[in-house]
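Working notes, beginning with the structure itself.
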Amino acid sequence: MEDQRKPEKNKTSTTSNLLWFFGVSTCVKLLLIPSYHSTDFEVHRNWLAITHSLPLDQWYIDKTSPWTLDYPPFFAYFEYIISFFAHLVDPKIVDLEKGLDYKAESVVLFQRLSVIVCDLVLLYGVYRLSKNFSMGFKERVLMWVLVVWSPGLVIVDHMHFQYNGFLLGLLMMSISYMMEGRDLMGGFIFAVLLCFKHLFAVAAPVYFVYLLRHYCWKGFVKGFWRISVLGAVVVAVFAAAYGPFVYHGQMQKVIGRMFPFGRGLCHAYWAPNFWVFYIILDKGLAFLLKKLGLNIPVPAASFTGGLVGDSSPFAILPQVTPLTTFIMVLLALSPCLIKAWKNPQPRSVPRWIAYAYMCGFLFGWHVHEKASLHFVIPLAIVAGNSLEDARHYFLLSIVSCYSLFPLLYEAQEYPIKVLLLLLHSVLMWQSFSALFTKDATAKAVVSAKKTDRQVGLKGSSSDVVEKGGFRIGWIGRCYLFGLLAVEIWGQFLHPYLLGDKLPFVPLLLISIYCALEIMYSWIWQLRQIVVSP
């Protein structure tokens, strides 16, 4: 009888502890309601007005505001539903013309609270991952700290303003079902997610290969039945999303809004990815050749001030097209896809999905720095698997959060974002240290030694574990000191020494320096995937 009560007691304990974590994060988010918000705030308010004021066949045509609707239909339906609540709060919020640039307290409060309420989806995703797998209490707490208390989500969703927590909650739900072996449900939720935000489609090849091999590859008859069912589920989801627009002959408009390739390779603030180095190399070569007397047209640099869509052509290196980036992402993904086909293990799903999103981040077209959340959040699921995973995640999470700092450029938000990052770093350190203590190293030592033998390393992770506790190597410490130097230069030394000259340099340094760590992280993850059994 006591054994039967234990799982129920553990389940209750998990729920109450997770709710406490979520309650603390909600209090912080409520305090941030009056803080800075970006133009994305007006973007989403305008989408409320579009979906509430216009018939469906005009949603993807309307140009009353420059902030046109460019998300898939499920997100448009979502805006349509909450627009009724917005109308009850303040009818002007959903007025298509009078509501333009509306900044009353009512609209601020409503939209901020809508994001907080939608984070319940993230809470449920984390809850499913916490309750369904044999995690110890420390492993659960670690995941809650990394996801529920993520400073990146606070900065992007609850200050800058977006709904990433809601969307990442759907992704976490999908992953949890896949790790349970409930592949059909996991695929269904991922299809739903794609109809909310198409940028999550970078992981679609991983889902396709894994589901085909793990779920459908069961002999001719059973396999044919399963692939038919899976295909029917996916088609039904997309039909529900896009069917009304097909009926109204709007699909060309919808696709054109969702994939505006004319925006250029990079965003106005360069995301810290591969293309940072490509652009710098091109500009450096052009400058050098011009100094040597060659007639090289050097394009005007648009490091910080360009509108979305401004992108200077390359002077020396080959031009990059959307097709080029698509091929590069697929090539980078190919080792992961091969591994997913050869050995489709449910426990590897979160790592493969995170790797896919990192490939999209590094090599994709017009990537936003906010997209780093797409791989940082899923990686939290496996961050406590080994000391090597923990050390890798610790640095990557800090760099991902720091790369978001330029989103909050006003002085009054500076202490908040710094405090969020510092608190998160301390909490991560404490959580990893609690997980990798001397009393709990037996399993970690075996795992670390096994990894070292596979990779051919000597004196790395196992030595550190045997010494007890969580620590990072001297290279990681040096890198973090360099990150501090970049911030000191951008915030204090550059304005003092150079004034208004070279205003692009601080942002350029952030992009380049953060890109170094993210490129290293990509290589590290690729190695982990290749050498894993």
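Derivation of every value follows stated rules applied to the coordinates shown; laboratory data play no part. Everything numeric here is computed off the predicted structure, so don't read it as measured data. Counting neighbours? That spans all protein chains shown, and the Cβs are built from the backbone with ideal geometry, glycine included.
Spatially, the range 484-529 and the range 233-301 are offset by 22 Å when compared through their Cα centroids. Here Kirkwood radius over Cα pairs in Å was calculated from the structure, and among (1) 27.6; (2) 29.6; (3) 24.8 it sits at label (3). Taking a point 7 angstrom from the Cα of Leu120 along the C-beta vector, which residues in the range 140-183 have backbone N less than 13 Å away? Taking a point 7 Å out along Cα→Cβ of Leu120, no residue of the range 140-183 has its backbone N under 13 Å.
Length gain on complete extension for the stretch Leu19 to Ser433, per 0.36 nm per residue less the alpha carbon to alpha carbon distance?
146.7 nm
Rounded to the nearest Å, what's the spacing between the alpha carbon centres of the range 150-170 and the range 373-402? Just the number, please. With the range 150-170 and the range 373-402 each reduced to a Cα centre, they are spaced 17 Å.
Please get the size of the charge dipole for the chain, origin at its Cα centre, with Cβ charges of +1 on Lys and Arg and -1 on Asp and Glu, quoted in debye to the nearest 20.
Dipole magnitude for the chain comes out near 1800 debye.
Since only Ser13, Ala340, Phe85 are under comparison, the one whose Cα sits farthest along the positive direction of the charge dipole of the chain, derived from C-beta charges on Lys, Arg, Asp and Glu, is Ala340. A Förster distance of 30 Å, applied to the separation of the beta-carbon atoms of Asp62 and Trp225, puts the FRET efficiency at 0.10. Contact order normalised by length for the chain, with contacts defined as Cα pairs under 8 Å and 6 or more residues apart; what percent is it? For the chain, the relative contact order is 16 percent.
Annotation: extensible slack from Arg477 through Gln491 equals 2.9 nm (criterion: 0.36 nm per residue apart, minus Cα-Cα distance). Taking the range 403-431 and a reference point 7 angstrom along Cα→Cβ of Asp500, the backbone N atoms nearer than 19 Å belong to 410-411. Label positions at Met185 and His248, each projected 7 Å from the Cα along the C-beta direction, are separated by 3.4 nm.
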